[in-house]
Amino acid sequence: MQWLRAVNRVANRGFEKALIIGFIAMTAIIFLQVIFRYFLLQSLSWSEEVARYLFVWLTFLGASVVARSRSHIMVESIVKAVKNGRLRKILQTAANLLTLAFLAVLIAEGSSASLEILELGQLSPSLPWFPLGIVYFAIPLGSFFMALNIIEQTWDIWGNDYLQGGR
């Protein structure tokens, strides 16, 4: 399990840095578009698409980072209402397994879609050199690393119980 923790730690640190750079770039691109459109009366043909593509990547990489810190929006009222520690762990594990099932679908379908779009050679309308499959690849990549974080959390749910001999 140590290898998984190491992979998650390194990946999330890299994603955190990429998120910072991506948000700065997206903000700068949108700001430039506003300057060009309203002050120079020109429009940057590529700015909206690049900002949208960055937003897609930021969303899926950010979801992975947020999963690690358990900061996703959750409805925990049922789990918190359960006083029995073992039953609470079972409920948390069940929720994580449902999340993993959903992420498996995102990984499979996102990979399929991004590969198909790459094979078809579909390019961005305003950036004719940029393959759109790269944008779609954010879905399986972010979902894969989010799944790794959820697996680590699920392991941790039962880790303390296992170490205390309560299994």
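The single condition among (1) among the β-branched types (Val, Ile, Thr); (2) at pLDDT 95 or above; (3) open to solvent by 80 Å² or more (accessible area, probe 1.4 Å); (4) within 30 Å of Trp155 (Cα to Cα) that Ile107 does not satisfy is (3). Residues of segment 1-41 that are open to solvent by less than 50 Å² (accessible area, probe 1.4 Å), farther than 20 Å from Ala147 by Cα and either among the acidic types (Asp, Glu) or in contact (Cβ under 8 Å) with a residue 24 or more places away in the chain (or both): Gly22, Ala25, Met26, Ile29. The numbered conditions (1) open to solvent by 40 Å² or more (accessible area, probe 1.4 Å); (2) part of a loop (DSSP other than H, G, I, E, B) are all true for Leu127 except (1).
Every condition in (1) open to solvent by less than 50 Å² (accessible area, probe 1.4 Å); (2) over 26 Å from Arg9 (Cβ atoms); (3) not aliphatic (A, V, I, L, M) holds for Gln122 except the one numbered (1).
Checking Arg70 against (1) of a type outside the set (Phe, Trp, Tyr); (2) within 25 Å of the chain's Cα centre (by Cα); (3) in a helix (DSSP H, G or I), which test does it fail? The failed condition is (3).
Taking Thr27 as the residue in question, decide whether it is β-branched (Val, Ile, Thr) and either outside any helix (DSSP H, G or I) or within 27 Å of Ile157 (Cα to Cα) (or both). Criteria not met by Thr27. Give segment 73-106 a look and list any residue that's part of a helix (DSSP H, G or I) and touching a Leu at 6+ places or on another chain (Cβ under 9 Å), or say none. Those that are part of a helix (DSSP H, G or I) and touching a Leu at 6+ places or on another chain (Cβ under 9 Å): Ile78, Val79. Number of residues in segment 87-99 that are farther than 21 Å from Ala63 by Cα and without any contact (Cβ under 8 Å) to a residue 12 or more places away in the chain: the value is 3. Against the test of being out of contact with any Ser or Thr (no Cβ under 6 Å at 6 or more places or on another chain) and either in contact (Cβ under 8 Å) with a residue 40 or more places away in the chain or not hydroxyl-bearing (Ser, Thr, Tyr) (or both), the options Phe130, Phe102, Phe137, Phe145 yield a single qualifying residue, Phe102.
The values are calculated or read from the model by the stated rules, or taken from the named source; none is laboratory data. Computed from a predicted model, the values in this text were never measured in an experiment. FYI the Cβ positions are ideal-geometry reconstructions off the backbone, even for glycines, and counts take in every protein chain you see. Ligands, DNA and RNA are excluded from the accessible area calculation, which covers all protein heavy atoms including side chains. Shrake-Rupley method; radii C 1.70, N 1.55, O 1.52, S 1.80 Å.
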